[in-house]
Each structure stands twice: as C-alpha cells, then as structure tokens.
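Undergrad: Quick one: the structure is below, questions incoming.
The values are calculated or read from the model by the stated rules, or taken from the named source; none is laboratory data. Given the structure is predicted, the values throughout are model-derived calculations rather than measurements. Note that we place each Cβ from the backbone using ideal geometry, even for glycine, and neighbour counts take in every protein chain shown.
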Amino acid sequence: MVYSQSISNLNVTIVANILYNQFYLLQIIYLNQCGDKILQEYAFKFLFATLCHKDIQQYDRPGANVVSLKPGGYFEKNNFKEQSLKNFILSGVQKRLEPNFLKNIGFQNFYLINIIILEQLDQKVKEFIQKLQIEINQKKIIIKKKITFKKMLKQRNKKQFFLLEFGKQNQTQLIMTTIFLLPTSILLISTIISLFYFQQISLGMIDDFAENLYQDQISNSKILNTVVVQQINGQVQKIAWHFNMMNQFYGKLLLNSVQKNNNFIATVQNQQLTYDGKGNAEVLKIFNKNQLLTSTWIQPNYGNLQQLNETSLQQIFQTSHVDFIWKSIKYDDNIENFRWMQIQTMYYGFVSDGMLFGMGSKGNYKSYIIPPGCPYNDQPYLFDLRCRFYYQPTIKNISISVFPPALNINYGTYYFATNICQRIKKYSSQNADSENTVYAILCSTLNLKSISTYFINFSKNSVYQRLLDPRQLSLVYDSNMQIKSVTQIQDIETKYLQDQFQAQNYLGEINAHSKFVLQETDTINLSNPYSSSQSTFEYNRNGTECFVILNSVIMIDKVPKQETLKTVNPAKKYQIKNIYLFMDVLSKKTMLVYAQNLQDTIIFYNKIFLYISWGLVLIMLFVLVIYSILIGFSIFQPVIHLKNILDQIKVQNQKEKLKQPLSALQQYAFHFLFLFTRKSNSKELAK
C-alpha cells in the first residue's frame, strides 16, 4: 500500500536526476550519518546485492555465462568481500558526492526511489528472461521449419533427403548404422576382391590354355606341313632317281657297254608327220592305239629320217634303246591317281643339231616364237632346243638343274610347268679323267595344273598356302588364286602391304631360303634327310598378325658317278638342293578364336554372377540400413527426449535463480522502508 502510494506521490524528475551509482552510495552515507547500525547493515547487504545485479546487467545478452549470473558471483570470484566494500565506501567514495545532495531529497522519497529502481532492475531481468524465451521460441520455429522442409524434401526425394538429414542431424544413429554395416561392408569387399581374384586366375588360366592351344595348333600345322611337303619331296625325289638311272644307263650306251638286241625295231616317228597322219603306217597305228608306246623326234632342219646325217641317226638309234625307261615311268605315273604333280613329258635334247627326242605325241611348231637372240632363227621347223631358256644353265651344271615355273610348249600347246634337266656327257673311255664332251641334256616337265589337289582340306587356320621358287620369287601354287602364267610374289603380296617394313621382312625371310644347293656331302642320313627343312617367322599383314611356316622342298641329288671319280676336284656324291619353298601362313586371330570365345564366355558368366552378387549385397545393405536406423531411433529417441526435458529444467532453474535476487532485494527495500518509517514515527512520538 505504501509502495503504490509513494510511487504516485513521487516526483518523477527526481528519480531521473539520480544516477544509479550515486543512489546506491547515498544509502550508505545517509545511514552512516544517522548512526543507525542495524539499518546500515541492511543497506550494505542491499547495495552488495544490487551491485550483483549490475553484474547481471553486464551479462544481459544471449549466450552469457550462467555461472556469472549468481548473486554476488562477480565479486565472490574476484575475492571482493562485503567488508572490503564497506571500507571502500566509507573511506573515499563519499568525497565525490555533493554535500547538500541529501538535503534536496526527502528521506522518504529516497527510499521510494530505492524501491522504484529495484522494480526497474526486476524489469531488466524480466526482459532478459523474455529474450531467452524469444530465443527458445525462435529455435522451436527453426526446428519446425526444418521439419516442414524435411517433409517437402521427403516428398521429392525421400532416399536422398533421408541419408543427408540423417547424417547431419543424427550422428549417433549414423555411428550405429556404421557399426551394423561394418561386417557387411567387409563381406562385400571380400566378395568383390574374391570375384576379381578368381576372375584374374581364370583369365590367366585361359591365357595359358590359349597359349598352349596356340602352340599346339602351330605344332599340328607344322606336322601337317611336313606331311604335305613329304609328298612333294617324294614326287621331286623320284625324278632325281629317274634322272640318275637314265643318265648312267645312257652313258653306258655311249661307251657301248650295253648289249643290244639286233632284232629290236624302234617305234619312232617324226612329230610333224604324226601330226599330218603321214609316215610309217605301222607306227601310226601303234600311236593311235597308245601313244605311250611310241616316241617322236623333231629336228630344226629336216622332217624325214632319210634327210638326217649319220650323227642324228645315231642319236635316234641310241635313244630309242633308252625310251622304254621313261615309258615305264610315265605309265606308272598315269596309273597312280594320288600323284598330283604329274610328269608331262620326258625328252632328250642334243647338243650337235638341237634335235629333240621324246615321248610319242603329235603337233606342229608353226605358232612357235623363236626366243630373242637365238642364232638359229632361219630353220624351217623353227624349234631348236639350244635356244630354250634351260639349255645353257643345264650344260654348265654338273648335275640336276631345276627351273622356275614357266610356260612350256607341248608340241604346239602351251602349259604351265616346271622344268628339271641334267646334262649327259660322252666319255672316250670309262676313266672319269678321260676326254669328254656334253652330248645331250635330259629334261622332264612337271605339270602344275593339278598341284592344288595337295592342299585340299588344309588347315582352316591358314590365311593362304603358297608354293614358290625362292630364287625367282615366282609362284608355283597359291591357294587364293589359280596360277596360269608367271606371277611374282611381289605382285600379289608385298606390293599391297601398308607397312613396307613388313614387306622387306617378308621378302628377307624368303630370300634367306633362296640358296639352291644347301649342302654337298658324301653321306646322307636316310632316317631323316629333311630334318632342317622347316622354319618360322611372323609378320603383320595389314593389321592381321600372321605366323608363317616355311618348308623347303628338298631334293637329294646324286651327282653322276664320273664327276665324283675325278682325280682333280672331284665332286661330292650328293647335293641337297632347295627346289621349292612352301609357305603356310596362319592367322593368330583365327587360332586364338576358340580360346577367345572361351574367355568371353567365362567373363560373361562371371559378370552375371558379379551383378547378382552386387544386387544381393545392395538389397542386404538397404535392409540393414533401414533396420539400423529403426533400432537407432528406438534406442536413442528416449535418451534424446530425456535430454530435452533436462534442458528445459535447466532453463527453468536459471529463471528461478534470476528471480530470487530481485525478490530478496525488494524484500530488503520494503523492510528497510518499513523500519525507517517505524523509527521515524517513534521519534516523532517521543518528541
């Protein structure tokens, strides 16, 4: 009642003109002047508590240190006790105040001012509490906004928001989720590593298998090449033995070492007369029945036996005693169907007059073109053996000469063939050192038309097979084309290689096998005479990696006996000659296609297994994440709720602690005013 009336009667300007610091000090000074020790003690307590509220005002801001808000906390922390405050005020502070200040203020008004200021301090604390409440409300609003935003994001992208918000707002749940997922993650990583490890092992095994398969295919191809080349070697080798036999026999005929049948009648006819159907009727009849039973001759200058000189007649007579050998050879060749490199013809060519004596046939040489540079170009029958390309090299070679494939004329008909020839010498006696001259040449032509039959059903891994002459680089056979004329390897292979370095390497490998006479020896290993006839190399054929197997077609040539028996520079008994070069070109890609398909199949199924494993692991991870989150919420939600309750209790306690000092101050002030009023009334009554 007194408080409310006093406020209404108090001049507001007086309160405004009093500073807080002066007001608090006036209380102590006035009571000290009055000498009232009891009231003075109350005033000191009141001032001490009030200064504590000044400490509260200093920390009247959000986030202030709660410990410093205790009544007296600032002074107690700095060991500033109440007695020190009394001494400080009584000794020096009062000197700063105006002496007549209290006279201008009534005592009653002075204490009313004290109550008003306390009320203001209480208002300050209330405002501070309101600020705290506003801040709490603002945090609640922010939380509500976040929850609203969370719902919006959940509608748009539930999974993404759930993970992000869960990681930001719920670290504890995230830790628990991580703990739950750790074994699964280890299992997942172990599974992936195991899959890749076994995949690499599988691929390594496949690579080893592919390499072994590749080497096996190469080995099989080498064996197949050896089989094919052995057949060709056999064909070529037969010719060598035939030549040696006929040469030795003819040499004995020339030395009159062979006993002749005087009743023998030769079935010999001029080739032109046979063609015209003229000449000996009996011979023509035999010829028409079986031309293999007859022989024919052609001389550049004459067409009848009566026109020939003694030398030419002697040549026909001697040769007619030898032709039964080639007739047998040709007959054997005809009935053996598996021999695909067939002998087209065999013949003798004589040095003295250029006459040719060979197997029975008919034809004419009217279309024959005399080679350029031939000195025998004005003869009526045109053909002179001494102008043929194989004549000069043959008479210079001590034994067999093999020539590149060329167009041959078979009594007016051209065909593609290889010529093999050997010279025949005439000795004056059986002594190898006796006088001798080249008497004739013996030749055989191998028709190459049916040579492709050798390579039917060849390895499917082959890009192509080729048989060629390694010295002239001319083709005998090509699996990709039919050879009808002289064709160089450059025209069909190296010219079209994009990398000329590969072309040079290709030709270099072939040229390395171009030597004709590989070896001269006196002994032959009959168990394996062709052991060193195979080699390999690799080259890139316009992006295709190729593996080439080179096979030399070998002929073991037995040198004529007279050449080996000379006392001066005798020849070796045998010459190992490189006749042809057979090339089998394998594609690495084709040979590795089976292993590659196997590898692709394993990788395919491995990927399927990997994808299934990934799918199962991801499903497990999803389930574990959901369950770990639910478990985390179920465990930590009560803890979080309890923490929120404790925080609210803590805030409420702070509010109560802030209100207690103000209530105490108000009680001090009212009590002080009550005592002062009571004492004043007692004094007035005493007066």
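Undergrad: Keeping to segment 545-574, report how many residues are under 56 Å from the mean Cα position of the chain (by Cα) and among the β-branched types (Val, Ile, Thr).
TA: 5
Residue-wise test of (1) surrounded by 15 or more Cβ atoms within 10 Å (Cβ to Cβ); (2) of a type outside the set (Phe, Trp, Tyr); (3) over 27 Å from Asn220 (Cβ atoms); (4) touching a Lys or Arg at 6+ places or on another chain (Cβ under 6 Å).
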| site | (1), (2), (3), (4) |
| --- | --- |
| Phe455 | yes, no, no, no |
| Lys460 | no, yes, no, no |
| Val463 | yes, yes, no, no |
| Gln502 | yes, yes, no, no |
| Glu509 | yes, yes, no, no |
| Gln534 | yes, yes, no, no |
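Undergrad: Next question. State whether the residues of segment 343-357 include one that is touching an Asp or Glu at 6+ places or on another chain (Cβ under 6 Å), under 18 Å from Phe243 (Cα atoms) and in contact (Cβ under 8 Å) with a residue 24 or more places away in the chain.
TA: yes
Undergrad: A further question follows. Tell me, yes or no, whether segment 565-575 has at least one residue that is under 22 Å from Ser474 (Cα atoms), at pLDDT 90 or above and in the same structural domain as Ile489 (by TED's automatic domain parsing).
TA: No, segment 565-575 contains no residue that is under 22 Å from Ser474 (Cα atoms), at pLDDT 90 or above and in the same structural domain as Ile489 (by TED's automatic domain parsing).
Undergrad: Shifting gears a bit: Can you tell me which residue in segment 281-321 is nearest to Met346 (Cα to Cα), limited to those that are touching a Ser or Thr at 6+ places or on another chain (Cβ under 6 Å) and not in a helix (DSSP H, G or I)?
TA: That would be Thr296.
Undergrad: Okay, moving on. Quick check: is even one residue across segment 345-357 in contact with a Phe, Trp or Tyr (Cβ under 8 Å, 6 or more places away or on another chain) and in a helix (DSSP H, G or I)?
TA: No, the conditions are met nowhere in segment 345-357.
Undergrad: Name the single residue that is surrounded by the most Cβ atoms within 10 Å (Cβ to Cβ) among those in segment 199-225 being free of Cβ contacts under 8 Å to residues at least 24 places away in the same chain and among the hydrophobic types (A, V, I, L, M, F, W, C).
TA: Within segment 199-225, the match that is surrounded by the most Cβ atoms within 10 Å (Cβ to Cβ) is Met205.
Undergrad: Of all residues in segment 275-288, which are modelled with pLDDT under 90 and within 10 Å of Lys362 (Cα to Cα)?
TA: Tyr275, Asp276, Gly277
Undergrad: Residue by residue through segment 303-336, note down the ones that are without any contact (Cβ under 8 Å) to a residue 24 or more places away in the chain and hydroxyl-bearing (Ser, Thr, Tyr).
TA: Ser328
Undergrad: Now a separate question. With touching a helix residue (DSSP H, G or I) at 6+ places or on another chain (Cβ under 7 Å), farther than 30 Å from Tyr539 by Cβ and without any contact (Cβ under 8 Å) to a residue 60 or more places away in the chain as the only criterion, which of Lys643, Lys561, Lys607, Lys573 stands out? Full working, then the answer.
TA: On the way: Lys643 fails: touching a helix residue (DSSP H, G or I) at 6+ places or on another chain (Cβ under 7 Å); Lys561 fails: without any contact (Cβ under 8 Å) to a residue 60 or more places away in the chain; Lys607 fails: touching a helix residue (DSSP H, G or I) at 6+ places or on another chain (Cβ under 7 Å).
From the options Lys643, Lys561, Lys607, Lys573, the qualifying one is Lys573.
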